[in-house]
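Enquirer: Just passing along the structure, written as structure tokens.
The values are calculated or read from the model by the stated rules, or taken from the named source; none is laboratory data. Not measured: the values here are computed from a predicted model. Cβ placement follows ideal geometry from the backbone for every residue including glycine, while neighbour counts extend to all protein chains displayed.
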Amino acid sequence: MLLDLLKKRCSVRKFSDKEVSREIIDYIIEAGRLAPSGGNEQSWKFGVIKERDLIKQVSKIAYNQKWIENADFLIVLITIIVADEKGGRDIQKARFPEYEMEIETMEKDLYGKLNQEEHQTKIPGTHMVLAALEHGIGSTWVSYFKVDELKSLLGLPEGHIPSEIIAFGYPKAEMKPTKKKDIDEIVFYNNNLKK
Ligand SMILES: Cc1cc2nc3c(=O)[nH]c(=O)nc-3n(C[C@H](O)[C@H](O)[C@H](O)COP(=O)(O)O)c2cc1C
């Protein structure tokens, strides 16, 4: 059951030396590939990093989060800003009509970095995390890193923004799920949100 898997999940930052097989990495990527996206644009690339030296450099770029060095592999979720001038801005203007002018005039590079397409990579990322967990592989999301430095490390072309990194590996110790808010705290029906 999916819920059983979700109840097991927690961020894993200590990894064993056991290597994840190529078949399992392919399975994880396949789970990401099947993710939905607005307009089915799938404007993403998934960069798999296996080389130890590159993983070390990513750890530095991620503000020296040393634990990343011990991951078996990383997947960098990259957003491709394709429809920036048309699709992207039009959607955001429709969603926030009161900011139409600001969205219209925001400098292209900054807009590209902030626009909603970036957040869509969280969907394939979530698929991947769960597909990995099905095989007993732990992971942790990383968004605390210098985006432009990672972009040059990986030699990404214009319009390719590394949105998230996920570090994967077999857990070194037992996974202990983190406490989550109770249902009552987060759910409301219809227009009955209690303040
Ligand atoms: C989008 C996102 C970015 C995150 N970035 C980092 C990060 O840079 N470094 C880190 O150690 N953990 C990071 N985390 C992990 C969170 O700290 C963790 O998910 C949260 O504390 C809840 O714990 P759990 O994953 O065990 O449920 C990130 C999580 C998410 C979802």
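Enquirer: Could you tell me which numbered condition Thr79 fails, if it satisfies all but one of (1) of a type outside the set (A, V, I, L, M); (2) closer than 23 Å to Gly32 by Cα; (3) modelled with pLDDT of 90 or more; (4) in a helix (DSSP H, G or I)?
Expert: So Thr79 meets the others, but not (4).
Enquirer: Okay, next question. Could you list all residues from segment 4-27 that are in a helix (DSSP H, G or I) and either away from the ligand (no atom under 16 Å from the Cβ) or free of Cβ contacts under 8 Å to residues at least 24 places away in the same chain (or both)?
Expert: Of segment 4-27, the ones in a helix (DSSP H, G or I) are 4-8, 22-27.
Of everything in segment 4-27, those that are in a helix (DSSP H, G or I) and either away from the ligand (no atom under 16 Å from the Cβ) or free of Cβ contacts under 8 Å to residues at least 24 places away in the same chain (or both) turn out to be Asp4, Arg22, Glu23, Ile24, Ile25, Asp26, Tyr27.
Enquirer: Only one of Pro157, Pro177 is within 9 Å of the ligand (Cβ to nearest atom) and not in a strand (DSSP E or B); which? First the steps, then the outcome.
Expert: Working: Pro157 fails: within 9 Å of the ligand (Cβ to nearest atom).
Going through Pro157, Pro177 in turn, just one is within 9 Å of the ligand (Cβ to nearest atom) and not in a strand (DSSP E or B): Pro177.
Enquirer: Okay, moving on. Picking from Ser139, Ser152, which residue would you name as being among the hydroxyl-bearing types (Ser, Thr, Tyr), modelled with pLDDT of 95 or more and touching a strand residue (DSSP E or B) at 6+ places or on another chain (Cβ under 6 Å)? Steps first, answer last, please.
Expert: Values: Ser152 fails: touching a strand residue (DSSP E or B) at 6+ places or on another chain (Cβ under 6 Å).
Answer to the check: Ser139.
Enquirer: Among the candidates Ser43, Ser16, Ser11, Ser21, single out the residue that is within 16 Å of the chain's Cα centre (by Cα), surrounded by fewer than 18 Cβ atoms within 10 Å (Cβ to Cβ) and small (Gly, Ala, Ser). Quick ask: steps written out before the conclusion?
Expert: Values: Ser43 fails: surrounded by fewer than 18 Cβ atoms within 10 Å (Cβ to Cβ); Ser16 fails: within 16 Å of the chain's Cα centre (by Cα); Ser21 fails: within 16 Å of the chain's Cα centre (by Cα).
None of the other options fit; the residue is Ser11.
Enquirer: Considering each residue of segment 133-154, count those that are over 17 Å from Ala62 (Cα atoms) and within 13 Å of the ligand (Cβ to nearest atom), and give that number.
Expert: Here is the first cut: in segment 133-154, the residues over 17 Å from Ala62 (Cα atoms) are 133-138.
Retained after the next criterion (residues that are within 13 Å of the ligand (Cβ to nearest atom)): 133, 138.
Summing the residues that are over 17 Å from Ala62 (Cα atoms) and within 13 Å of the ligand (Cβ to nearest atom) in segment 133-154 gives 2.
Enquirer: Would segment 81-104 turn up any residue that is closer than 21 Å to Ile166 by Cβ, surrounded by 12 or more Cβ atoms within 10 Å (Cβ to Cβ) and within 16 Å of the ligand (Cβ to nearest atom)? Before you say what the answer is, go through the steps one by one.
Expert: Of all residues in segment 81-104, those closer than 21 Å to Ile166 by Cβ come to 81.
Checking the rest, the ones that are also surrounded by 12 or more Cβ atoms within 10 Å (Cβ to Cβ) come to 81.
Among the residues that remain, those that are also within 16 Å of the ligand (Cβ to nearest atom) are: none.
No, because not a single residue in segment 81-104 is closer than 21 Å to Ile166 by Cβ, surrounded by 12 or more Cβ atoms within 10 Å (Cβ to Cβ) and within 16 Å of the ligand (Cβ to nearest atom).
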